[in-house]
Each structure stands twice: as structure tokens, then as C-alpha cells.
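Visitor: Sharing a structure, written as C-alpha cells. Questions coming.
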Amino acid sequence: MPIVDSRSGAIRATYTREELVTKAQEMRAWNMVALTCANSGHTGGTLSIMDIAAALYLHVARHDPANPEWEDRDRIIWSAGHKAPAMYVALGVAGYFDDRPVSFNGEPLPGFDDVKGVEQCVLLRRLGSGFEGHPNRLKLPGVELSSGSLGQGFGVAQGCAMDAKLEGRDNRVYVITGDGEHDEGSMWETIMACAHYKLDNLCCIVDRNNLQIDGTTDEVMQIAPLREKYEAFGWHVIEIDGHDMEQILDAFREAETVKGKPTCIIAYTIKGKGVDFCENVCGYHGVPPKDGRDGEESLEACIRCLQVEDEFNDERLDRAFAIVQRYQEAVDARIEATMPRFSRDYWWNSADTMKCAMDATRNGFGWGVAKLSASDQVVAFGADITASIRMDYFYKPDGKTTDVERQKRFFSMGIQEQNMTVAAAGFAKEGKTSFIGSYGVFVTGRNWDQLRTTCAYNRFAVKVADAHGGISVGPDGATHQALEEISVVTCIPGFSMIVPCDSRETERATLAIAEVPGPGVVRFAREATPVCTREDTPFVFGQANVIRFRGEADNFADAFETCLASDYESENEDLAIIACGPMVPEAMRAAYILKLERGIETRILNVHTVKPLDRVAIVAAAADTGVVITAEEHQVGGFGNLVAGAICQGDLSRPVKLRMVGVRDTFGESGQPWELMKFFGLTAEHIAQTALELLP
Ligand SMILES: Cc1ncc(C[n+]2csc(CCOP(=O)(O)OP(=O)(O)O)c2C)c(N)n1
């Protein structure tokens with residue numbers, strides 16, 4: 001069924017097989033324009049699924065771009081949410097954005113009336129554009145499901161198919177999955193349940209490109225033989241060349257005729273299809289062309305490979321980049337207008353003094369785990385994002401060379417956060433210290449029950465690398481920005497948690513968490529953040545540090561004096577800023593702003609160990625100053641409420657004013673890391689402004 005007018009039933013658009021082939025190439029080109037403009041995103045998996053996307057949105061599915069909520073439409077659900085740009089260009093070509101104004105978080109932006117249709121996709125991953133790194137159904141028409149956490153959309157598709165049967169609707173449900181995604185146990189629960197409920201209105205497409213992030217599907221986690229597995233679960237299976245339009249259309253037609261069981265189309269595809277330097281290259285999973293617009297591995301090279309030079313000529317590309325620049329300028333102006341102002345610019349490295357090196361805290365985790373892996377009593381696990389979180393340093397202690405002995409103690413688990421957690425617990429039961437890791441959302445949230453009942457209740461030494469903590473994850477967007485881990489971890493009895501402030505402290509935290517009995521978490525981030533400690537900065541698990549600004553210096557860290565809170569004697573400061581993680585350097589910069597602008601003295605407390613909490617230091621800071629601001633790159637209160645609870649139970653003889661700086665009960669968004677810190681009010685300027693509002 002082609003694209004229809006839902007009111008009259010008339011056909012709005014239809015494409016021949018040859019036209020679909022051409023459209024798929026055009027969509028690949030738009031996809032690569034969008035990724036290059038964004039300078040991030042998933043090349044390989046969007047190119048492999050594009051022929052199927054073209055077939056589904058332009059020919060197979062019954063839908064009406066002018067009426068996205070039409071009850072009788074076929075549902076197309078992207079369980080593999082990282083393929084979002086392919087969905088966006090498919091929606092764009094189908095007509096979903098023809099009347100949509102370019103908007104900033106729903107508010108139409110003036111001056112963009114000429115940017116309509118698929119061209120809007122060039123705003124991929126820009127703050128407020130709606131074209132999130134992973135799909136958000138509340139932001140764009142035609143997006144059926146907000147997804148990005150693998151292994152969930154399939155189950156939602158199941159529910160949609162069951163609802164169609166319950167209500168007697170004849171619409172079909174299509175769900176796009178990855179082969180690596182089949183590592184997740186939840187996929188197999190859905191596969192079992194779809195057959196149980198005989199969902200012949202559901203069709204699952206597996207993008208069988210044989211690659212995931214850490215390697216081939218055979219190396220990372222064996223999912224073959226896929227056909228036999230699906231059949232054993234009670235499915236009808238069709239295997240096709242996922243780049244042959246005739247086979248694709250035939251398979252969808254066949255699926256419609258199958259009665260009493262769901263259909264799985266295993267589409268054999270090539271990751272990076274159509275672009276020679278990306279085809280079958282594992283490294284082209286989550287990155288755009290590495291040379292940008294021109295060069296060997298560039299957008300222009302993509303256009304040549306795809307043989308669409310006429311349509312995607314210089315003029316069209318210039319226009320795409322110009323639209324993005326114009327949009328970004330509008331966003332920048334909006335954000336700058338909301339920033340608190342002071343007599344001068346105190347932003348990182350904006351002046352000749354107070355210079356600060358930047359490094360990602362994930363590197364510190366790598367250095368730490370490299371030291372720990374020298375012991376044969378330490379084991380580690382990978383969940384298909386091993387290098388991204390620096391877990392590969394476990395078997396590459398110099399960051400480059402594989403150490404064969406250590407590699408024997410590293411186990412690839414594929415995309416199986418829950419199973420990884422309990423397998424690690426098994427090793428811990430046998431006496432090992434087990435390191436697991438993934439992005440924070442997946443490794444403290446998806447496996448929460450495993451952490452609670454198996455790891456904590458048993459007091460197993462399972463140590464969690466909680467990577468990509470915070471909003472500064474950037475363009476990947478909300479699904480990958482972990483903002484809840486402090487809340488979900490610290491409520492589990494006996495679970496230690498460290499949220500270190502920079503890469504140096506992250507190394508120390510990693511070594512410390514290995515020593516602490518029972519389970520523990522180290523939270524760290526993706527983006528480079530200020531290195532605000534020095535070699536001689538103390539670090540004791542469970543004890544906060546006091547940091548005081550002493551006067552401007554060439555190097556940022558030298559402008560401050562740091563000691564263990566237990567060694568500190570009150571200097572009767574005007575306020576205390578109690579912070580953890582990368583908000584510690586922001587708190588330090590706030591103290592600097594407050595001193596230079598108003599002569600205000602600040603006690604900064606770096607509470608790197610969030611559990612167990614240094615209650616003595618917190619209560620002393622509150623008692624000595626009477627004014628407390630907490631700062632966290634987290635849902636506000638996850639940390640702040642722990643501090644507030646400590647203060648309330650501290651039997652203070654004076655009232656305390658308290659404010660919390662953090663993300664205010666909202667999900668994150670795609671954007672540039674520092675842009676997001678400003679947008680969500682997490683900078684030193686915001687902390688300093690809060691202080692000025694509180695102080696008499
Ligand atoms: C639950 C979860 N764990 C980890 C990730 C990170 N991640 C994103 S894509 C990906 C690999 C997916 O491989 P596959 O399904 O084969 O997709 P393709 O190779 O076709 O892009 C991983 C591990 C995630 N998005 N969700």
C-alpha cells in the first residue's frame with residue numbers, strides 16, 4: 001500500500017521499484033549530509049537499512065504524512081534507535097516535514113520559511129531542532145517511538161500489534177531491529193511472546209549486517225543461527241538480500257499473507273552500504289565521514305560513491321551547511337541571552353590567566369583499570385562499547401598494545417547489561433573483583449534489580465564503570481545522557497559510589513573502588529572537562545576535600561588550596577558550595593567569580609564519595625556558613641537531597657539557607673556539551689548567580 005490520503009483513501013504518492021532504488025540512494029546522500037553537518041552520528045547502520053527504509057515508507061506501509069496520528073496507519077517502529085537519521089530522511093522524503101516550520105523546541109524560528117521537507121534533516125543533533133540523536137516521538141511528526149536503549153522497541157511493537165488485534169484494526173506493525181541488538185535477552189522474550197500471541201500482523205526486520213561496535217557479531221556475541229532460532233520460537237522467516245529492492249518488496253508482500261504467526265525478515269545487508277570507505281568497516285559505526293566535507297573520507301566522497309553528484313552539487317551542499325550555521329547562530333544567541341552576566345568573561349580559558357587543561361574523566365578510568373588488571377584476581381567485561389568507556393585499557397594497559405595474559409581475563413558479553421552483571425557476580429562469588437561497564441543508563445538502570453539483589457544483597461565485589469554520566473554526553477541526546485544514577489545506586493544498601501571531579505581523581509577513584517568491600521560504582525563522563533586537581537591533591541575514599549580560592553594564578557588549579565575536610569579549620573566563609581563530579585570545577589570557578597566580583601568567600605566541598613557520605617564535613621560546612629548550594633550534573637536532588645538530609649539531621653543551632661543546582665526534572669537533549677551545560681543551567685555563572693540571590 002503506498003502513501004495515501006487518510007480521509008479520501010486516494011493515493012498521494014507511489015513509486016516503482018526502479019524509483020525506489022533511486023530514492024534510496026538519494027536518502028543515503030541526505031543521511032550523509034546530515035551526519036556531516038552534525039559532525040556526529042551513526043554512518044554504518046543507517047546506510048545498511050536505507051533500502052528497507054525506502055521500501056517501507058514509500059511503498060509498503062499504509063500511512064499519511066498529512067495525518068501522522070491516523071488510527072489506521074501501519075506502525076513503523078525503530079527498535080534500533082541509533083539508526084534515527086535513516087528514519088528522519090525517510091519521513092522527510094515521504095512528506096512529513098513539508099508543512100513543518102523549523103523550530104526551537106516547538107517554537108517556530110523566524111527566517112527559515114524556505115527550509116522545508118527532507119532538507120530539515122540537516123539540523124540533525126542540533127539543540128532544540130527536534131532531530132535528536134536518537135528519536136523522540138514528542139518532537140517530530142511520524143516518529144512512533146522514542147528509542148535508543150536497544151531491545152525495547154521490539155516489545156513496544158508487540159504491544160501495538162496486540163492492541164490492533166484487540167481493537168479489530170487491520171493495520172500492520174513493522175519493527176526495525178539490529179543484529180547486535182539481538183544480544184539483549186529482552187529481544188528473546190519479545191520473540192517468544194509474539195509467537196505465543198500469534199501476531200501475524202507484526203513483521204520484524206533484522207538488519208543483518210554482521211557488525212556491531214566491538215567487532216563482528218560472531219566475535220562479540222554469537223547470535224547465529226538466526227533463522228533456526230526464530231523458527232524454533234514459532235516465527236515465519238524470510239531471508240533476503242537487504243539491498244535488492246525486488247526481494248525486499250516480495251518479502252513484505254509474503255509477510256502480509258502469513259497467517260497465525262509473526263514474520264521475521266532477515267535482511268542480509270552491508271554496514272556502510274554505498275560508500276566504499278565505510279562498507280564493512282567496524283570503525284564506521286557511530287562516526288560521520290572522518291575528513292568532513294572534502295577529502296579522502298568525506299561527504300563529497302560519499303556523494304561520488306552514491307553517484308548523486310548532479311542532485312547533490314556544490315550549491316546544494318553549501319546551502320545545507322549555511323542552514324545549519326544560521327540555525328546554530330540563532331540557538332547561540334538564545335542561550336547567551338539566558339546566561340548570568342558579570343563585569344567580565346570568566347569562561348574556561350577565555351583569559352590569559354587561570355588556564356586549565358581539559359581531559360575526559362573516562363581516560364582516568366582507563367588508567368585506573370590498566371593498573372588494576374595487573375592482578376590476576378581482577379576480571380572485566382565488555383558490553384559492546386568497550387573502547388568508548390576505556391574498558392579496553394584493561395587488556396591494553398598502555399592504551400595501545402594488547403596484553404595476552406590480561407585479555408584472558410576480559411570477557412565480551414555483547415549488548416547484555418543484565419547478564420553481564422550477574423556473570424560478573426558469579427566471578428565475584430568465586431573470589432574475583434569484577435569490573436563491568438557501559439553507559440550509565442544501561443549499567444545502573446537496566447540492570448538495577450541485578451545490582452540490588454544479586455550484587456548488593458550478596459555483597460559481591462562487582463564494580464561498575466558508570467560511563468557517559470551527565471548532560472555533557474552531548475549530541476547522542478537524552479537516551480544516552482545518564483542523569484539518575486546517584487538516586488538509583490545510593491538507595492541500594494551497601495553500594496558504594498564515587499563521582500570524581502576530573503580525570504586524575506577518576507583514576508584514584510577507580511583504584512579506591514576496587515579496594516572497598518562489596519559492590520561499588522564510579523561515575524564518569526564522556527566529554528573533556530577541566531583538570532582541577534593536582535598531583536598533591538589528597539584523595540581518601542569516604543572523605544570530602546575542602547577547596548578554597550586563594551587568588552588568581554597562571555594555572556587554574558594553582559589558584560586554589562585543597563585539603564581533607566577533616567584537616568580544615570573554618571575561615572568563616574560566606575557560603576558553602578557542595579559539589580560532586582565535573583560540577584566541582586564549576587563550583588571552583590563560581591568561588592573565583594564571587595570573590596572577584598563581590599569579595600565573597602566560598603568554601604567548596606568536593607564530595608567525591610557520594611556513598612558513604614562525609615556527613616561531618618557537610619554539617620560543618622552548613623554550620624559554619626549558614627548558606628549552602630549543592631551542585632550536580634544529575635537530576636536535581638539526587639545528590640542535593642542527600643546533602644540536605646545530612647544537614648537536617650546535623651542538629652544545627654542556626655538556620656541554613658539551601659539551594660540546589662542540577663537538571664530540573666527534565667530529560668536531556670542533543671546539543672554540544674558546553675552548550676547543554678549552559679542551556680540546563682549547570683555552569684559556574686549559574687551557581688554564582690544563585691549565591692548572589694541567597695546572600696544578603
Ligand atoms: C541497551 C543499550 N546498550 C548499549 C547501547 C549502545 N549501542 C548503540 S548501537 C550499539 C550496537 C548495535 O549493533 P547492531 O544492533 O548490530 O546495529 P548496527 O550494527 O546495525 O548499527 C550499541 C552497543 C544502546 N544503545 N543500548
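Every number here is computed from the coordinates shown, using simple stated rules; none is lab data. Remember, predicted model here, so these are calculated numbers, not experimental data. Positions of Cβ are backbone-derived with ideal geometry, glycine not excepted, and every protein chain shown enters the neighbour counts.
Visitor: Quick check: the angle from helix 17-38's long axis to the longest principal axis of the chain, C-alpha only, nearest 10 degrees?
Guide: Helix 17-38 and the main axis of the chain meet at about 10 degrees.
Visitor: Rounded to the nearest 5, what is the percent of antiparallel bridges among the DSSP beta bridges in region 510-657?
Guide: Looking only at bridges with both residues in region 510-657, the antiparallel portion is about 45 percent.
Visitor: With an 8 Å cut-off on Cα pairs and a minimum separation of 6 or more residues, tell me the relative contact order of region 3-317 in percent.
Guide: Relative contact order of region 3-317: 21 percent.
Visitor: Rounded to a whole number of µm²/s, how large is the Stokes-Einstein D of region 545-694 at 10 °C and 1.306 mPa s, given Rh as the Kirkwood radius over C-alpha pairs?
Guide: It diffuses with D of about 104 µm²/s by this estimate.
Visitor: Relative contact order (percent) for the chain, with alpha-carbon contacts under 8 angstrom and 6 or more residues of separation?
Guide: 11 percent
Visitor: Compute for region 358-530: radius of gyration divided by Kirkwood radius, i.e. Rg/Rh, restricted to C-alpha atoms, rounded to two decimals.
Guide: 0.93
Visitor: Please tell me the relative contact order of region 226-332 in percent, rounded to the nearest whole number, where contacts are Cα pairs under 8 Å and at least six residues apart.
Guide: 17 percent
Visitor: For region 358-530, what is the charge dipole size about the Cα centre, in debye to the nearest 20, if Lys and Arg each add +1 at the Cβ and Asp and Glu each add -1 at the Cβ?
Guide: With only Lys, Arg, Asp and Glu charged at Cβ, the dipole is about 340 debye.
Visitor: Give me the log10 of I(q) over I(0) for region 613-696 at q = 0.13, 0.27 Å⁻¹, as the Debye formula computes it from C-alpha points; what are the numbers?
Guide: -0.45, -1.30
Visitor: While we're looking at this one, here's another question. By how many degrees, 0 to 90 and rounded to 10, does the Cα axis of helix 245-257 deviate from the longest principal axis of the chain?
Guide: The angle comes out at about 90 degrees.
Visitor: Report, in deg cm²/dmol and to the nearest 500, the calculated mean residue ellipticity at 222 nm for the chain, where each DSSP H run with n ≥ 4 adds -39500 (n - 2.57) and the sum is divided by the residue count.
Guide: It lands at -10000 deg cm²/dmol.
Visitor: What share of all Cα pairs of region 113-243, in percent, falls into each consecutive 10 Å distance bin?
Guide: Reading the bins upward from 0: 11, 35, 32, 18, 3, 0.
Visitor: In degrees between 0 and 90, to the nearest 10, how far off the longest principal axis of the chain does helix 185-196 point, with axes built from Cα atoms?
Guide: Once rounded, one gets 40 degrees.
Visitor: One-quarter of the Cα convex hull surface for region 184-307, in nm²?
Guide: Here the figure is 8.6 nm², rounded to one decimal.
Visitor: So what is the orientation-averaged projected area of region 433-574, using the convex hull of its C-alpha atoms, in nm²?
Guide: 10.1 nm²
Visitor: Now, a different point. Arrange the peptides 521-532, 636-647, 503-514, 329-340 so that the one whose residues have, on average, the most other Cβ atoms within 10 Å appears first.
Guide: Averaged packing, sorted descending, gives the order 521-532, 503-514, 636-647, 329-340.
Visitor: Another question about this same structure. Of all alpha-carbon pairs in region 227-272, indicate the percentage at a distance above 17 angstrom.
Guide: So the portion of pairs separated by more than 17 Å is 34 percent.
Visitor: Considering the Cα trace of region 481-561, what is its radius of gyration and what is Dmax, both in angstroms?
Guide: 14.4, 44
Visitor: Same structure, new question: Can you tell me what the convex hull of the Cα atoms of region 308-350 projects to on average, as an area in nm²?
Guide: So the mean shadow area of the Cα hull is 4.7 nm².
Visitor: Tally Lys/Arg at +1 and Asp/Glu at -1 over every other residue whose Cβ is under 11 Å from the Cβ of Phe460; what's the total?
Guide: +3
Visitor: Expressed as a whole percent, how much of the Cα-Cα distance distribution for the chain exceeds 38 Å?
Guide: 39 percent
Visitor: Can you give the Kirkwood hydrodynamic radius for region 252-333, in Å, rounded to one decimal and based on Cα pairs?
Guide: When all Cα pairs of region 252-333 are included, the Kirkwood radius is 16.0 Å.
Visitor: Rounded to a whole number of µm²/s, how large is the Stokes-Einstein D of region 22-141 at 10 °C and 1.306 mPa s, given Rh as the Kirkwood radius over C-alpha pairs?
Guide: 111 µm²/s
Visitor: In Å and from the alpha-carbon atoms only, list the Rg and Dmax of region 3-317.
Guide: In order Rg, Dmax, the Cα atoms of region 3-317 give 18.5, 57 Å.
Visitor: Between the DSSP loop rule and a limit of at most 13 other Cβ atoms within 10 Å, which GluC sites (Glu not before Pro) in region 212-301 are left?
Guide: Those that pass, being in a loop and sparsely packed, are Glu296.
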